[in-house]
Amino acid sequence: MHILVTNDDGVMAAGLLALVQAMRQVGEVSVVAPDHNWSAGGHVKTLHRPLRVQSVTLDDGTVALANDGAPSDCVAMALMGIVEEPVDLVVSGINPNANLGHDVTYSGTVTAAMEAVIAGVPGIAFSLVSPDEHPEELDYGPAAEVAQEIVSTVVRAGLEKDLLLNVNVPYLQREQMNGFMVTRQGLRVYRDRLERRVDPRGRPYYWIGGEYPTGVPDEGTDFGAVMSGYVSITPLQLDLTAHRRVDQMRDWQWPM
Ligand code: MN
């Protein structure tokens, strides 16, 4: 079992190291991750500039590869040969913030796992549902334990190459969690606000600010599960077709 670990927060992030150490209990680990924070960077393929990779040493002595591309570039490059041995599973995280509902389209953590599936390797994204205002040092211990439990379960069930899981772990001690729930994507409610400011030369510039997003805690959804203290496991697919609409729209009177 050869597991590729990546993230979108940068190779030196504490959440990555916690995931590396958890995955080492399950299999052999390789690490290729961005050299800086790409959070909310979305699904990227860098084609307009060269990409560089350098070897770095993590806090526990693990040798990792740092890449100046996006998380999805890291996965694509690893699977195209930067990592020589065949990879059985790609895991991404542990992201310090939740990736729920619509977040998956922004999330570098999730799009790294999507890139794995595009390359024919199963991918799992792990995110911690930390409080909006959290201490500088988050405790990744319980989420790392959950990641190990999930990967062991998935391996036992049988890895399928189109498997893409978005996992969100509540910020609780392991024994305080209510269990694991397989969920569907819920609805995120964004509270972004555009802040217009003026630079010293009198030109306007903008910040996307506002409050942290919230969500609709419907039963059976990712948001609902984590709000009730469950680990949320959402199977995702890259086919975004609105299947319910296809037949209905074929009946519309389209021009000849
Ligand atoms: Mn991130």
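Remarks
- With neighbour counts taken as other beta-carbon atoms within 10 Å, the residues Arg24, Arg188 rank, fewest first, as Arg24, Arg188.
- Cα-based shape type of the chain, given that a ≥ b ≥ c are square roots of the gyration tensor eigenvalues and the cut on a/c is 1.5: rounded
- Protection proxy ranking of 230-236, 149-155 - average other beta-carbon atoms within 10 Å, highest first: 230-236, 149-155
- ³J(HN,Hα), Karplus 6.51/-1.76/1.60, whole Hz, each residue of region 222-236, x for Gly, Pro: 4, 5, x, 5, 5, 5, 9, x, 9, 6, 9, 10, 10, x, 10
- Protection proxy ranking of 107-118, 4-15, by the mean of other Cβ atoms within 10 Å over each peptide's residues and highest first, is 107-118, 4-15.
- Shape class of region 111-235 from the Cα gyration tensor (axes a ≥ b ≥ c, square roots of the eigenvalues): prolate, since a/c reaches 1.5 or more and a/b is larger than b/c.
- By the beta-carbon count within 10 Å of each Cβ, the least crowded to most crowded order of Val182, Val83, fewest first, is Val182, Val83.
- Region 1-140: relative contact order as a whole-number percent, Cα under 8 Å and 6+ apart: 29
- For region 140-256, the relative contact order is 31 percent, taking Cα pairs closer than 8 Å that sit 6 or more residues apart in sequence and dividing their mean separation by the residue count.
- Shape of region 194-256, Cα gyration tensor, a/c cut at 1.5: oblate
- Taking every C-alpha pair closer than 8 Å and separated by at least 6 residues, the mean separation divided by the residue count of the chain gives a relative contact order of 17 percent.
- Here the Gaussian network model covers the chain, with springs between Cα atoms less than 10 Å apart; of Gly41, Gly229, Gly61, Gly61 fluctuates the most.
- Along region 13-20 the Karplus relation, 6.51 cos²θ - 1.76 cosθ + 1.60 evaluated at θ = phi - 60°, assigns HN-Hα couplings of 5, 5, x, 5, 4, 4, 6, 4 Hz to successive residues, with x for each Gly and Pro.
- Sorted by Cβ density within 10 Å, fewest first, the residues Trp207, Trp252, Trp38: Trp252, Trp207, Trp38
Each reported figure results from applying straightforward, stated rules to the coordinates on display, with no laboratory input. Source: prediction; values computed, not measured. Cβ atoms come from the backbone with ideal geometry, glycine included; neighbour counts cover every protein chain shown.
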